[in-house]
Every structure is written in structure tokens, then in C-alpha cells.
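Here's the structure we're looking at; comments come further down.
The values are calculated or read from the model by the stated rules, or taken from the named source; none is laboratory data. Fair warning: this is a prediction, and the values are worked out from it, not measured in the lab. We place every Cβ from the backbone using ideal geometry, glycine too, and count neighbours over all the protein chains shown.
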Amino acid sequence: MNSKITYLIAVYPDEDGFFMARFPDFPNMAPDYGKGFEDCIEQSASFLDETVSLMVKHGQKLPVPSSILEIRAKLDPTDGNPVCLVPVTVYPPAKTMRINITGKSDVFARIDDYAKRHHLTRSELMIRSTLAKIRENA
């Protein structure tokens, strides 16, 4: 399975100043809403990521991402014209992977002590911390 897949979502303004996102490659997925454009994209990306994770967990096949022309053909004309199509990358769950990390033993001792106090393994702590840093700087 691919380690990442990029889908296009269609973003529309609504009459109340909010934004709505539609997922053309996922026709059974309800639209998602946000208070502003960026909020809508962020929430929609999270919603899509959760949906993809659930589909993989339940053995459902993920749709192949459509091209821009295919997406435009899938859009509901009653929604009007989208403000834009936004690429959203998701990372479907995959098999566990083992990697080798090199560092000083005193640093690993500090990491291990912190992880133990928080009932985590070293791997869980390092992965969570790295993902938090990625989200913080996204």
C-alpha cells in the first residue's frame, strides 16, 4: 500500500460566512464545515484522514485519486462553483516499521525516563513528539 495518497477536496463558501468541503472521491462522505477557509481545510484533512484509517481498518478499498477533470465532473452543480480544489494528503495505516536511530546514551536515558513516567515506550514517545512537532510547524 502507498505510504501517502493525495486527494482533491472542493471548498465552497456558504451564505453564513463559513466554508464547506466536499470529498468528490468519497461520494458517501458527508460534507465538512469550517469557520474560515483554513479551518475548513484543516478539519476536512483530519476528517478525511480518519475516514481513510477506518476504511483500511475495515478492509475497504480506497478510491484511486481522481484527476482535476474527473473531480470537476463529479461535483454537484447545485452546490455552485467551488472557491478552489485543495490537495489533501493522507497517510493510510501501514505495517509497523523498525528503524535504527543513533544518539548519545545519556539522551536516550532521559527519553526513557520521561517515557516510563508517562507510561509510554520510547518508540511511542518519539513518534508522538515528532508528529506533534510536524503539526505545530505545518
Taking Thr78 as the residue in question, decide whether it is more than 21 Å from Ser3 (Cα to Cα), without any contact (Cβ under 8 Å) to a residue 40 or more places away in the chain, more than 18 Å from the chain's Cα centre (by Cα) and not in a loop (DSSP other than H, G, I, E, B). yes
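For every residue, the table says whether it meets (1) among the small types (Gly, Ala, Ser); (2) modelled with pLDDT of 90 or more; (3) assigned to a helix (DSSP H, G or I).
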residue	(1), (2), (3)
Lys61	no, yes, no
Val88	no, yes, no
Pro93	no, no, no
Arg98	no, no, no
Leu125	no, yes, yes
Thr130	no, yes, yes
Which one of the conditions (1) of a type outside the set (A, V, I, L, M); (2) buried (at least 16 other Cβ atoms within 10 Å of the Cβ); (3) within 22 Å of Arg135 (Cα to Cα); (4) without any contact (Cβ under 8 Å) to a residue 60 or more places away in the chain does Pro92 fail to meet, given that it meets all the rest? (4)
Phe19: touching a Gly at 6+ places or on another chain (Cβ under 6 Å) and farther than 23 Å from Leu131 by Cα, yes or no? yes
Taking the residues in region 107-138 that are of a type in the set (Val, Ile, Thr) and under 22 Å from Val90 (Cβ atoms) as candidates, determine which candidate is surrounded by the most Cβ atoms within 10 Å (Cβ to Cβ). Ile127
Say whether the condition of being over 14 Å from Val90 (Cβ atoms), exposed (fewer than 13 other Cβ atoms within 10 Å of the Cβ) and modelled with pLDDT of 90 or more is met by at least one residue in region 47-58. yes
So for region 7-18 (the condition being charged (D, E, K, R) and surrounded by 15 or more Cβ atoms within 10 Å (Cβ to Cβ)), does at least one residue qualify? no
